[in-house]
Amino acid sequence: MSSNARTLLKGKQVLTRAELADFLNVLADQIREGDIDLSLDGQRVRIRAEEQIGLSVEVKDTPKSGHVKRELELEMWWSLAERQGSPSSGVQDSSD
């Protein structure tokens, strides 16, 4: 991550499979429409997704004491189009 990167939202939750599936369905619909609205731990951010989106997928197993921690990571990224000279124009922080 670049030293001038700015974190807009960060957090973790534990969900049931059904809750996660619902979250991903809503996220998929929002990506399709181009406007993504995320809320977590009282924080909220609205971002605009560009037409072309990169996707990285990683699945790994990490041995732990008495079990294996399995992780599935999905990472998406895109470049923001310059709008009115501001590279962060695709972000609306709605935490107020």
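Each value in this text was obtained by applying a stated rule to the coordinates, not by laboratory testing. The structure presented is a predicted model; accordingly, all values stated were derived computationally and were not measured. All Cβ positions, glycine included, derive from the backbone under ideal geometry; neighbour counts span all protein chains shown.
Label-to-label distance for R44 and M76 is 2.0 nm, based on points extended 7 Å past Cα in the beta-carbon direction. For R17 and H67, the difference between the fully extended length at 0.36 nm per residue and the C-alpha to C-alpha distance is 16.0 nm.
As a length-normalised measure over Cα pairs under 8 Å and 6 or more apart, the relative contact order of the range 17-78 settles at 23 percent. This ranking places V57, V26, V45 by how few other beta-carbon atoms lie within 10 Å of each, fewest first, which gives V57, V26, V45.
When the alpha-carbon atoms of the range 17-78 are used, the pair Rg, Dmax equals 14.8, 44 angstrom. Give a quick list of trypsin sites (Lys or Arg not before Pro) in the range 9-78 that DSSP marks as loop, anything other than H, G, I, E or B, with at most 11 other Cβ atoms within 10 Å. Here the trypsin sites (Lys or Arg not before Pro) that fit, given the DSSP loop and packing criteria, are K10, K12.
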